[in-house]
Amino acid sequence: MAWASSLNAFFKNFKRESKIIPEDTITLIEAYVAKNKLQNAVSVIENALKSIESAPLNIAVTGETGTGKSTFINALRGVGQEEEGAAPNGVVETTMRRIAYPHAKLQKVTIWDLPGIGSTNFPPESYLTEMKFNEYDFFIIISSTRFKENDAQLAKAIEMMGMNFYFVRTKIDNDLGNEQMSKPKTFNKEKVLMKIRDDCSEHLQEALFHEPPVFLVSNFHMSDYDFPKLETKLLEDLPAHKRHIFSLSLQSLTEATINYKRDSLKQKVFLEAVRAGTLASIPFGGMIMGELENLDETFNLYRSYFGLDDASLENYAKDFNMSVNDFKVHLRFPHLFAEGNDESLENKLSKYIKRISLAIGGPVATVIYYKRAYYLQNLFIDAAANDAIALLNKGLFEKEVGTYIPMPLEYWD
Ligand code: GDP
């Protein structure tokens, strides 16, 4: 069966940290395929999809009052500080209990605000029991100065429980600004960052006997400093079936995160196509418009993952001082399926299929035999991801606005 023979080639396209099914599951599927036990392979895929779809993600964030914990939590959730439901800023902790905050777009993602261990006076083990430590996927320990002895002891206890923690040092923008102001002549950004990092690491080493990585971030600049590194590390460390939801939850817009989302969505769509009974071949032609209507909701979700939902487009348009409709002219995704386009959708689609098969080495094109929904979704994911990446470089985009005509399909990178 064509899809089976290209499975191997398909998964080779994705880096380890962006694979959404575990390596040994892929090996198992390949083994079944090699023995021509396709039904078994499909049921392994079905189970893998089930665990991806049902996987919740619970992130524990702990740190003392004033460290920027609430701002960090809101940043992870994609909720503005002034929006309804935001974790309140600058509130002195009076409760000993954890508070759950849902992600703005993904209901299975919950960020837990844990009171700082210092304010609870609990020893680490009781603190962890009290906070229901085994319900989280990982812990983030926040500080805005040096990490306190308390925090290091907490990390040690988390480690003993066999769980992961990550140290995050916030307000890096403040430190750099202050340093630049006080030493304008000798200021060296890298040196300042290194000094802060070393200071934190050394401090932690005293308690932990090893130097855990420390991520230096600014909650107001999520695409800068170590925020992207933190995201990559978390993706790497998470079990594969949780990577899909985590990558979609990422709020920072960088080329790396956009690509994680693209990779993750493409794998998901592929697995779904196999589950949906790819084996049936549906002849090309006709009916595409109806299929597009069915996919509309899915496309809206994809747009929101890439920061291209209507609200975001309105913000971009404002930035560029134009109407949303004028702004859309400069993007690719809004024109993909527009009627009256100079190139018919059928043509676009068959060109796209050829492109994919060239890139992947042939067989994938025949994988999901004429399963158009599969290709339509891929086409959309690529267009939206490319738009999101183009928008990262505002300067360049701005220069092109006015003269810019969305590139024909053949020139997509
Ligand atoms: P919490 O008490 O730990 O929840 O801290 P908040 O999130 O309320 O933040 C305390 C103060 O620090 C607020 O005025 C925030 O605006 C500010 N803040 C938080 N994170 C950062 C950051 O990364 N950089 C800067 N410059 N200020 C921050």
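Listed values, structure above:
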quantity: Tensor-based shape of the range 50-148 (alpha-carbon gyration tensor, a/c under 1.5 rounded, otherwise prolate or oblate); calculated: oblate
quantity: The chain - percent relative contact order, Cα under 8 Å, separation 6 or more; calculated: 19 percent
quantity: Centre separation in Å (Cα based) which lies between the range 100-172 and the range 17-74; calculated: 22 Å
quantity: Rounded to the nearest 20 debye, dipole of the chain from Cβ charges on Lys, Arg, Asp, Glu; calculated: 840 debye
quantity: DSSP beta bridges in the range 47-152 [antiparallel fraction, %, rounded to 5]; calculated: 25 percent
quantity: The range 99-236, relative contact order [Cα under 8 Å, separation at least 6], %; calculated: 19 percent
quantity: Local electrostatic count, VAL109, Cβ distance below 13 Å [Lys/Arg +1, Asp/Glu -1]; calculated: +4
quantity: Cβ-based net charge around ASP137, under 12 Å, with every Lys or Arg adding one and every Asp or Glu removing one; calculated: +1
quantity: Whole-percent carbon and sulfur share, accessible surface of the range 78-122, 1.4 Å; calculated: 50 percent
quantity: On Cα atoms only, tilt of 189-208 relative to the major axis of the chain in degrees; calculated: 70 degrees
quantity: J(HN,Hα) series, the range 40-52, from Karplus relation 6.51 cos²θ - 1.76 cosθ + 1.60, nearest Hz, glycine and proline x; calculated: 5, 4, 5, 6, 5, 4, 4, 5, 4, 5, 4, 6, 5
quantity: Proximal lysines to LYS191, defined as alpha-carbon separation beneath 16 angstrom and excluding residues fewer than eight positions away on the same chain; calculated: LYS183
quantity: Helix-only CD estimate at 222 nm, as mean residue ellipticity for the chain, using -39500 (n - 2.57) per DSSP H run (n ≥ 4); calculated: -17000 deg cm²/dmol
quantity: Between 0 and 90°, nearest 10: helix 288-305 axis offset from the chain longest Cα axis; calculated: 10 degrees
quantity: C-alpha long axis of helix 227-237 to longest principal axis of the chain, angle in °; calculated: 70 degrees
quantity: Where the chain is the region considered: accessible area per residue in Å², 1.4 Å probe; calculated: 48 Å²
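The values are calculated or read from the model by the stated rules, or taken from the named source; none is laboratory data. All values reported here derive from a predicted model rather than from experimental measurement. Backbone-built Cβ (ideal geometry, glycine too); neighbour counts: all protein chains shown. All accessible areas refer to the heavy atoms of the entire protein, side chains included, with ligands and DNA or RNA removed. Shrake-Rupley method; radii C 1.70, N 1.55, O 1.52, S 1.80 Å.
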